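Q: The structure that follows is given in the form of structure tokens.
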Amino acid sequence: MDPARALGRLAAIALAAACWGCGGAGDGLQRLPVAGTVRHDGQPLKTGTITFTPDGPGAAGAAEVVDGAFALAAADGLSPGGYRVEVYSSQPTGRQVPDPDDPGATVDEVASVIDRRYNVASTLRADIPPGGPAGPLTFDVASPSPASAKAKRR
């Protein structure tokens, strides 16, 4: 399977896993609204997804990032505690590649515009206090380095 396509599927799986239990009605967990920004190479991330996975018991969450902003309403918000944060975004490369699900067909190739240290190998963290964040959360992410992009092509 094409690595870029696999990354896209991984992001979809991560989003689904993060949303397991979203909407939390009746789960007994305190949920808090959370909002913030994501900057990519110093600029607002055009489009993407941000996921929050709790370190222990708690509410996971995910939100779309549009023009650098994301928000989770209280109903879909996060519980107090620590979270691993992952940011995903991809763009078409301009190339056509074989469609693994339809022999003989092609699809647009996409590649992640976010370095893996901010998603599958994320070091991003968020700590949500019992009263909710004091203000918007801010995450800075970067493009993959040329060395990591070259290693993917091998």
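Throughout, read-outs are computed from the coordinates displayed, never taken from laboratory work. These numbers come from a predicted model, not from an experiment. All Cβ positions, glycine included, derive from the backbone under ideal geometry; neighbour counts span all protein chains shown.
Q: Give me, ordered by chain and number, the residues 5 or more places off Val110 or on other chains with an amide H under 5 Å from its own placed amide H.
A: HN-HN under 5 Å from Val110: Arg5, Thr93.
Q: Can you work out ³J(HN,Hα) from phi for every residue in segment 29-36, in order, using Karplus 6.51 cos²θ - 1.76 cosθ + 1.60 and θ = phi - 60°, giving whole Hz and x for Gly and Pro?
A: Along segment 29-36, the couplings run 8, 5, 10, 10, x, 9, 9, x Hz.
Q: Please list the non-local residues whose amide H lies under 5 Å from the amide H of Leu124, H modeled 1.01 Å from N, same-chain partners needing a gap of 5 or more.
A: Residues meeting the criterion, in which the H sits 1.01 Å from N, are Val85.
Q: With equal scatterers on the alpha carbons only and no solvent term, can you work out the Debye log10 of I(q)/I(0) for segment 68-154 at 0.11, 0.15, 0.19 1/Å?
A: -0.48, -0.75, -0.96
Q: Please order Leu29, Leu72 by the number of other Cβ within 10 Å, starting at the fewest.
A: In order of increasing Cβ crowding within 10 Å: Leu29, Leu72.
Q: What is the order of Glu109, Glu64, fewest Cβ neighbours within 10 Å to most?
A: Glu64, Glu109
Q: Now, a different point. Give, as a single signed number, the net charge of other residues whose beta carbon lies under 15 Å from the beta carbon of Ala74, with Lys and Arg counted +1 and Asp and Glu -1.
A: Result for the neighbourhood of Ala74: -1.
Q: Which distance in nm do the two modelled labels at Ala142 and Arg84 give, with both placed 7 Å along the Cα-to-Cβ direction?
A: 2.2 nm
Q: Order of 46-53, 127-134 by packing, highest average Cβ count within 10 Å first? Don't skip to the end; give the middle numbers.
A: Values: 46-53: 21.0, 127-134: 12.6.
By packing density, highest mean first, the sequence is 46-53, 127-134.
Q: Work out from phi, with θ = phi - 60° and the Karplus expression 6.51 cos²θ - 1.76 cosθ + 1.60, the ³J(HN,Hα) of each residue of segment 49-61, listed in order in whole Hz, and give x for Gly and Pro.
A: 9, 10, 10, 10, 10, x, 5, x, x, x, 8, 7, x
Q: Name the long-range amide H neighbours of Ala59: under 5 Å, sequence gap of 5 or more, or other chain; modelled H, no Pro or chain starts.
A: Result for Ala59 returns Ser79.
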